[in-house]
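Data first, discussion second: the structure below is written as structure tokens.
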Amino acid sequence: MSAMPAEPPRHHGRVHRIPRTIEGIGARLSRDKRAAFLAEVRAAEQGRELDDVLSGWYAEAMLDQLPDRDRRRARALDRRGAVALDDIAAGRGPRPRG
């Protein structure tokens with residue numbers, strides 16, 4: 001059992017410093033994201049692979065603090081016809097315009 005809260009504390013309008021540690025990053029992620037984060041951490045080898053996992057999830061934890069992140073991201077993608085980084089990483093291209 002973890003001492004981490006089920007959901008991270010939300011303080012809209014303020015972005016809080018997150019320690020760049022497994023505990024610090026995990027504490028700021030939602031339950032679902034935390035489970036994925038910990039699975040990646042457990043599978044990563046010490047060194048560059050683990051550093052890359054921590055860096056990616058650190059960015060995710062920082063961005064999760066932004067108010068209305070999902071709505072703003074969707075609006076930006078719709079306006080510009082841009083491709084989300086998640087889609088690029090998954091090998092998906094631009095969405096067809098309709």
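Between residue 43 and residue 84, how many nm apart are label points set 7 Å from Cα along the C-beta direction?
About 1.9 nm, to one decimal.
Please order 73, 28 by the number of other Cβ within 10 Å, starting at the fewest.
Placing the least packed residue first, the sequence is 73, 28.
I'd like the Karplus ³J(HN,Hα) series for the stretch 45-56: coefficients 6.51, -1.76, 1.60, θ = phi - 60°, whole numbers in Hz, and an x wherever there's a Gly or Pro.
Computed from phi, the couplings for the stretch 45-56 are 7, 4, x, 4, 4, 5, 4, 5, 4, 4, 5, x Hz.
A short reminder: the numbers here are calculations on the coordinates, not readings from a lab. A quick note: this is a predicted structure, and the numbers were derived from the prediction, not measured. Cβ: placed from backbone, ideal geometry, glycine included. Neighbour counts: every protein chain shown.
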